[in-house]
Amino acid sequence: MATAESHLGAMQKQRSELAKINSVAQLFQQRVAQDGARTAARRKRGGTWHDVSWTQLAQEAEDEAWGLVALGVQRGEMVATIASTRVEWTVCDVAIALCGAVTVPIYQSNTPEECQFILANSGAVLVFAEDQKQLAKLKQEQARLPRIRQVVLFDGEGDGGWVLSLEDLKRRGREQKARTPGELQGRKTQARREELATILYTSGTTGVPKGVMITHDNMLFAAEVVVGTGLLSREDSHLLFLPFAHSFAQIIKAAWFSSGMTMIFAESVDKLVDSAGETGPTILSAVPRVYEKAFNTVVTSGMGNPGLQGALFRMAMREFELYAKAKEKGESYSSLAFAIARKLVFSKVRERLSKRFGGRIAAFVSGGAPLARKIAYFFDLLGFHVLEGYGLTETIALTSVNLPGQNKLGTVGRPFPGVEVKIAADGEILERGRNVMRGYLGQPEATAEVIDKDGWFHTGDIGEIDPDGYLKITDRKKDLIKTSGGKYIAPQAIENALKTMSQLISQVVVIGDKRKYVSVLVTVVEAEAEKVAGVTPEQKKLRTAPTYAEVARHPAVKAKVQEVIDKLNQTLPSYETIKRFTILERDFSQETGELTPTMKVKRKAAAQKYKKEIDAMYDGESFD
């Protein structure tokens with residue numbers, strides 16, 4: 001098996017190629033110089049996929065960069081972007097870099113108040129907004145955004161004042177270039193690696209978002225190690241849907257510019273699999289929720305098959321459960337039934353999934369949150385490589401990753417070359433290297449709390465390093481629950497187990513901090529709940545079917561959830577067993593505030609919103 005050390009030669013070559021590069025803008029321009037006519041990106045317009053060359057990207061970005069100069073944007077000033085993941089986002093991002101400014105990406109799902117906070121906190125002077133929906137947020141908060149001189153709209157026309165169209169920006173740019181033809185080149189030569197490239201705001205799962213200061217050197221380090229280790233290469237076609245406001249997408253962007261691979265921009269999250277089927281990517285990077293949904297879709301479809309086909313699938317999944325339990329213990333598993341399942345069921349599942357993803361997928365990369373081992377075992381059994389990695393916004397999403405040929409399921413891989421990792425006495429993961437942020441914008445005290453005097457970043461995650469050098473994540477230090485009886489509980493393990501044990505369960509939040517026992521909030525998958533509740537196709541056709549809230553309250557649904565919890569409880573120590581649960585009357589979403597844009601549950605928000613339901617589970621606390 002290859003080791004991380006075997007990549008040192010490739011790493012050194014990659015580092016030497018980037019040695020004279022001082023900024024993301026220069027990295028991009030080097031790629032254009034080498035591969036101008038080559039396809040940089042693919043996007044869908046008018047129902048057809050279109051190729052975009054590196055030269056086309058560069059021409060668009062340069063026009064916009066000159067436009068920013070015309071609007072008075074100076075080196076080091078902050079320019080924000082509120083948009084979905086699309087080619088136009090990349091173009092404006094490069095434009096910001098070319099004029100020496102700093103990009104401040106904002107999730108398109110952020111509320112007007114959240115947008116105002118980020119814009120004010122970062123000191124942004126200009127905003128690129130995707131469409132009228134995003135513009136409406138800015139107009140709602142305009143009185144509290146005195147520093148925003150201009151808004152540039154991707155889709156739509158300007159108003160002759162505060163709002164400019166993208167075409168108007170480019171027109172002004174062409175006029176500016178004629179007046180000061182050497183301006184952009186001058187700014188390019190002034191770039192330094194230690195200067196800021198972007199400000200990424202934490203998703204705020206536990207509190208107020210903080211602006212993470214990412215330097216050009218951070219980004220260039222990402223380009224070095226992601227390409228140098230072979231995780232992403234020039235031959236790849238990468239399907240992208242992750243938002244650029246997330247650090248995971250940022251390192252992919254850096255690797256894209258460095259490697260020259262082709263970036264396929266998915267139509268949307270909802271059409272992710274369709275986009276894959278139409279374009280045939282070789283690699284997809286996603287958060288665990290995407291893989292959870294794929295797993296649940298496969299299982300739900302298979303379980304619902306009639307006759308012999310359905311019976312075979314159910315037998316196969318029973319065997320898979322035994323296989324997964326053995327893998328958890330580090331044991332092997334074999335049986336005649338399992339051999340039959342692999343040949344008659346799982347081989348066909350792999351064939352169908354491969355076709356759905358375009359037939360060329362070599363690997364899936366998972367990051368942003370822990371991937372349930374059961375999901376990893378399932379994809380691995382089918383013959384797909386799911387390469388799980390680990391990193392935080394503060395470490396530009398880079399700490400460790402499983403690499404092709406070195407994939408150890410249940411871990412997040414070995415640390416990237418150049419990243420030092422150690423485990424503190426209390427189990428916390430500490431790291432240092434060129435991947436660590438400069439600090440939190442305007443918050444020196446908060447920075448000092450997480451980066452000690454020796455440069456070690458305190459991640460807030462609990463983990464361990466195994467004898468082979470692979471890192472395992474146990475839980476978030478802040479998420480650990482301490483019951484009133486003094487027992488510590490890692491909630492993510494319980495939550496992931498419940499979500500993978502039943503296709504009925506959508507989201508789970510474990511409650512129990514300073515409480516006498518553990519309870520959970522549960523949301524259900526509506527279609528599955530309808531099946532359990534006996535909702536008929538006729539009811540749905542006639543629109544007389546019960547609502548989500550009604551099926552969530554159905555006794556059969558509650559009984560099914562209880563059955564899953566009882567099954568899990570049999571595997572848990574007594575102090576971790578779930579004593580009570582509440583099925584909520586709607587699922588979590590970004591719009592209602594319980595999920596981050598990368599589909600992680602905001603624990604604090606959920607606990608506050610459902611305080612009444614939580615308190616009800618502890619009325620007259622018993623369960624001695």
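Quick look at the values:
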{"item": "Accessible area per residue, Å², the stretch 96-255 with all protein chains present, probe 1.4 Å", "result": "36"}
{"item": "Carbon/sulfur fraction of accessible area - the stretch 15-136, other protein chains in place, 1.4 Å, %", "result": "45"}
{"item": "Label point distance in nm, His50-Lys611, each placed 7 Å from Cα along Cα→Cβ", "result": "5.2"}
{"item": "Heavy-atom accessible surface of the stretch 303-416: percent carbon and sulfur, 1.4 Å", "result": "55"}
{"item": "Cα pair distances of the chain binned at 10 Å [whole percent]", "result": "3, 15, 25, 27, 18, 9, 2, 0"}
{"item": "Protein accessible area in the stretch 430-513, 1.4 Å probe - carbon and sulfur %", "result": "50"}
{"item": "Nearest-ten-degree value, helix 87-98 long axis tilted from longest Cα axis of the chain", "result": "50"}
{"item": "Nearest-ten-degree value, helix 555-569 long axis tilted from longest Cα axis of the chain", "result": "90"}
{"item": "Shape metrics for the stretch 349-429, restricted to C-alpha atoms - Rg then Dmax, Å", "result": "14.5, 48"}
{"item": "14 Å cut-off, amide nitrogen to a point 7 angstrom out along Thr111 Cα→Cβ, residues in the stretch 577-601", "result": "589-596"}
{"item": "Neighbour cut-off at most 14 other Cβ (10 Å), DSSP loop, trypsin sites (Lys or Arg not before Pro), the stretch 332-415", "result": "Arg360"}
{"item": "Relative contact order %, the chain, counting alpha carbon pairs below 8 Å whose residues are six or more apart", "result": "11"}
{"item": "Cβ-derived FRET efficiency at R0 35 Å, Thr571 paired with Asp426, nearest 0.05", "result": "0.85"}
{"item": "Ranking by accessible area, most exposed first, for Met501, Met213 with a 1.4 Å probe", "result": "Met501, Met213"}
{"item": "Diffusion constant of the stretch 185-279 at 10 °C, which comes from Stokes-Einstein with the Kirkwood Cα-pair radius and 1.306 mPa s, µm²/s", "result": "106"}
{"item": "Loop-located GluC sites (Glu not before Pro) in the stretch 96-203 whose Cβ has at most 16 other Cβ within 10 Å (DSSP)", "result": "Glu157, Glu194"}
{"item": "Accessible solvent surface per residue of the stretch 357-460, calculated while the other protein chains remain in place, 1.4 angstrom probe, Å²", "result": "34"}
{"item": "Beta bridges by DSSP in the chain, antiparallel share as percent, to the nearest 5", "result": "50"}
{"item": "Rounded, prolate or oblate (a/c below 1.5 giving rounded, otherwise prolate when a/b exceeds b/c) for the stretch 79-185 by Cα gyration tensor", "result": "prolate"}
{"item": "Exposure of Phe320 as accessible area (Å², to 10), given a probe of 1.4 Å and all protein chains", "result": "0"}
{"item": "Phi to ³J(HN,Hα) by Karplus 6.51 cos²θ - 1.76 cosθ + 1.60 over the stretch 335-344, Hz, x for Gly, Pro", "result": "6, 4, 5, 5, 4, 5, 4, 5, 7, 9"}
{"item": "Relative contact order %, the stretch 266-366, counting alpha carbon pairs below 8 Å whose residues are six or more apart", "result": "49"}
{"item": "Listed residue pairs exceeding 21 Å between alpha carbons, taken from Lys422/Lys487; Lys329/Lys487; Lys478/Lys609", "result": "Lys422/Lys487; Lys329/Lys487"}
{"item": "FRET efficiency for Ala559 and Arg586, using Cβ-Cβ distance with R0 set to 22 Å, rounded to 0.05", "result": "0.60"}
{"item": "Residue-normalised accessible area of the stretch 469-624, given per residue in Å² at a 1.4 Å probe", "result": "50"}
{"item": "Entries of Lys482/Lys579; Lys137/Lys188; Lys139/Lys170; Lys499/Lys600; Lys472/Lys600; Lys374/Lys560 with Cα pairs more than 25 Å apart", "result": "Lys137/Lys188"}
{"item": "Accessible-area value, Glu420, 1.4 Å probe, nucleic acids and ligands omitted, Å²", "result": "90"}
{"item": "Amide H contacts of Ala363 (H built 1.01 Å from N, under 5 Å, at least 5 apart or other chain)", "result": "Leu284"}
{"item": "Calculated from backbone phi, Karplus (6.51, -1.76, 1.60) coupling profile of the stretch 425-434 in Hz, x at Gly/Pro", "result": "4, 8, x, 6, 7, 10, 8, 8, x, 6"}
{"item": "Area of Thr279 that stays accessible when all protein chains are in place (1.4 Å probe, Å², to 10)", "result": "20"}
{"item": "Extension gain, Thr544 back to Leu409 (0.36 nm per residue minus Cα-Cα distance, nm)", "result": "44.0 nm"}
{"item": "The chain: calculated mean residue ellipticity at 222 nm from DSSP helix runs of at least 4, using -39500 (n - 2.57)", "result": "-12000 deg cm²/dmol"}
{"item": "Table column - 3J(HN,Hα) (Hz), the stretch 452-459, Karplus curve with 6.51, -1.76, 1.60, x for Gly and Pro", "result": "7, 5, 8, x, 7, 8, 8, 6"}
{"item": "The stretch 522-624: GluC sites (Glu not before Pro) in DSSP coil with no more than 13 other Cβ atoms inside 10 Å", "result": "Glu591, Glu621"}
{"item": "Size-normalised alpha-carbon gyration radius of the stretch 247-289, reference 2.2 N^0.38 Å", "result": "1.20"}
{"item": "Ala197 long-range amide H proximity, modeled H, under 5 Å", "result": "Ile214, Thr215, His216"}
{"item": "Contact order relative to length of the stretch 459-551, as percent, for alpha carbon pairs under 8 angstrom and 6 or more apart", "result": "17"}
{"item": "Most to least accessible of Asp466, Asp426 (protein chains only, probe 1.4 Å)", "result": "Asp426, Asp466"}
{"item": "Distant-in-sequence amide H partners of Asp461 (H built 1.01 Å from N, under 5 Å)", "result": "Ile429, Lys477"}
{"item": "As computed over the stretch 454-609, the Cα convex hull volume per residue (Å³)", "result": "164"}
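The values are calculated or read from the model by the stated rules, or taken from the named source; none is laboratory data. Note that the structure is a prediction, hence the values are computed from the model and not measured. With ideal geometry, Cβ positions are generated from the backbone for all residues, glycine too; neighbour counts draw on all protein chains shown. Surface areas here come from the heavy atoms of the whole protein model, side chains and all, with no ligands, DNA or RNA. Shrake-Rupley method; radii C 1.70, N 1.55, O 1.52, S 1.80 Å.
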